[in-house]
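Every read-out reported here was derived from the displayed coordinates using simple, explicitly stated rules and does not represent laboratory data. Everything numeric here is computed off the predicted structure, so don't read it as measured data. Here the Cβ positions follow ideal geometry from the backbone for every residue, glycine too, while neighbour counts run over all protein chains shown.
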Ligand code: SF4
């Protein structure tokens, strides 16, 4: 079993290069553990230790701001909230976004799995973000269970309704991120129907190109090229299948579709 011998002391990491946003400084409001309402089969953190939908403060805002000031934040194009799990589970998300924005003046991006968006407090916290990337891997509850393995009570309908409500209230850039695996590669028509309900600004298609550690590896937070033993490699759709899905989604929705090619 892999152990985390050196737990992180900083809530800020990077900047790291991201295929979507350029040089990104990561903010991890959950740095004490891996904490998420999903347990995605492809999660680069490895194991999610705290599987929860509850919100609380894990890193005091004062510490996060001190960590930011000690970082190379000037080198970043954007500040990204992601880290060791689902960032909207941090109850001080809105406060930290406001303070970091005021201090750095940099664009703020939040990556969310969209399970908390039916909570008005979460949607309010997200108003300070310039871009929000919402995960939508599945178009059916069956694939949601197979890929994302949510806490009890989360359904595709609850996720889509949450994103739609955010879409109505939020004036910034809203993207949908979909991880494509063999299990959902034939869901393009159902996914297109959900995308037509949401009407995001952009759809980002991705594949699980990186090995998945079996235990929580905090160095995997963000976009690090961390290396570790005891990792599993997942099967991916073929390049032809990816091109077919991209084309199908574009035709059925007319949306901007971008695919990460590994
Ligand atoms: S990939 Fe993201 S949403 Fe999925 S389990 Fe990991 S942290 Fe949670």
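Values as computed for the structure displayed
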quantity	calculated
Theoretical FRET efficiency, 1/(1+(r/R0)^6), r = Cβ-Cβ of residue 238 and residue 17, R0 25 Å, to 0.05	0.45
Using a Förster distance of 51 Å, the FRET efficiency for residue 70-residue 258 (Cβ separation, nearest 0.05)	0.90
Virtual paramagnetic centre 7 Å along Cα→Cβ of residue 52, amide N under 15 Å, in segment 119-157	151-152
Net length gained if the chain between residue 119 and residue 155 were fully extended (0.36 nm per residue, minus Cα distance)	11.5 nm
Length released on extending from residue 171 to residue 63, taking residue separation times 0.36 nm less the Cα-Cα span	35.9 nm
